[in-house]
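Everything below concerns the one structure shown next.
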Amino acid sequence: MMRIFLILIFLTIAISSCSKKEKVAKIPPSTEKQIIKVYQEGLEALKEGQYYIASEKFDEAEALLPQTKWAAKSALMSSYCLYSMNYYDEAILNLKRFTKIYPADPNVDYAYYLISIIYYEQILDENLDIEPLLLSKRSIENFLKKYPNTDYAMDLRFKLDLIINQMAAKEISIARYYMKNEKWIPAINRLKTVVEKYEKTIFVEEALYRLVEIYYRIGLEEEAKAAAVLLGYNYNSSEWYERSYKIFNKKYQALKDNKTSEKKSLVNRIKKILSIND
């Protein structure tokens, strides 16, 4: 779906650049005719999915008329072709060059958007290297500062939320690893990161519970109670709060089972009475 969305945007950019010839000023007719021919050949190759050929055509078009609107359009189109071939590094380099050479181009926001999308698509899962997550987060945050009211901002805000959740998931995953190997201090540090930096994610409840678990195990009962209070105050109906309660009250499960048993017994007695009355 994302690729289809980007294609639609790019075709809009491509068509607008063909239909507004009046914007190209002071270009010798022969040169303009040549660039239009090369540019249209690039568009045809792009439509046919021949991205490598299209990229070469757009590079040629940019070289024919450097520092013009045609050149800017061609540079952006070439970057998109590289992205479509999954040449991510080359596409990012080309897009960053575009933003430096053509900073006043009306499509510069799209260039920054595409950079963010490329970083985002290189994120696989929370168990792998965190660097793609950090690069994507930084790129999206920079975009939202520069272009908060663009059509692309809403999409990137949604992706930023996903990235933040994924970063929290990675911290939890590492904390579990440290706990498994009884490395309590590194585990605590990772869990504190989730609580302090990712408090709006779905992983904060587990992080608080794990802190209760570790603190209690290493004898820091006051710290364990403080984490449990925080968990109870914010998430007193969650499974993680119930599990933290069991840490302090070892008889909790037995009491709960007794209450359930008493309730069942009462229900059975009521059913028996009703049966007699019938």
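The values are calculated or read from the model by the stated rules, or taken from the named source; none is laboratory data. This one's a predicted model, so the numbers in the text were calculated from it and none came from an experiment. Cβ atoms come from the backbone with ideal geometry, glycine included; neighbour counts cover every protein chain shown.
Do we have any residue at all in the range 121-141 that's of a type outside the set (Phe, Trp, Tyr), touching a residue at least 40 places away in the same chain (Cβ under 8 Å), surrounded by 19 or more Cβ atoms within 10 Å (Cβ to Cβ) and over 17 Å from residue 95 (Cβ atoms)? Walk me through it before giving the result.
Residues of the range 121-141 of a type outside the set (Phe, Trp, Tyr): 121-141.
If we keep only those that are touching a residue at least 40 places away in the same chain (Cβ under 8 Å) too, we end up with 121, 123, 125-127, 130.
With the extra rule that they be surrounded by 19 or more Cβ atoms within 10 Å (Cβ to Cβ), the set shrinks to 123.
From what is left, the residues that are over 17 Å from residue 95 (Cβ atoms) are 123.
Checked against the condition, which is being of a type outside the set (Phe, Trp, Tyr), touching a residue at least 40 places away in the same chain (Cβ under 8 Å), surrounded by 19 or more Cβ atoms within 10 Å (Cβ to Cβ) and over 17 Å from residue 95 (Cβ atoms), the range 121-141 yields at least one hit.
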**Asked** Does residue 25 fit the bill of being at pLDDT 55 or above, surrounded by fewer than 14 Cβ atoms within 10 Å (Cβ to Cβ) and of a type in the set (A, V, I, L, M, F, W, C)?
**Response** no
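Within the range 44-75, can you find the residues that are under 22 Å from residue 143 (Cα atoms) and either without any contact (Cβ under 8 Å) to a residue 60 or more places away in the chain or in contact with a Leu (Cβ under 8 Å, 6 or more places away or on another chain) (or both)?
Kept after step one, since they are under 22 Å from residue 143 (Cα atoms), are these residues of the range 44-75: 72-73, 75.
Those that are under 22 Å from residue 143 (Cα atoms) and either without any contact (Cβ under 8 Å) to a residue 60 or more places away in the chain or in contact with a Leu (Cβ under 8 Å, 6 or more places away or on another chain) (or both): 72, 75.
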**Complete:** The residue from 78, 55 that alone is closer than 29 Å to residue 145 by Cβ and not aliphatic (A, V, I, L, M) is 78
**Request:** Return yes when residue 39 is modelled with pLDDT of 90 or more, farther than 23 Å from residue 117 by Cα and among the aromatic types (Phe, Trp, Tyr) and no when it is not.
**Result:** yes
**Request:** Give the number of residues within the range 185-218 that are within 20 Å of residue 246 (Cβ to Cβ), surrounded by fewer than 19 Cβ atoms within 10 Å (Cβ to Cβ) and hydrophobic (A, V, I, L, M, F, W, C).
**Result:** 1
**Fill in**
The residue from 46, 65, 6 that alone is surrounded by 13 or more Cβ atoms within 10 Å (Cβ to Cβ) and at pLDDT 85 or above is 46
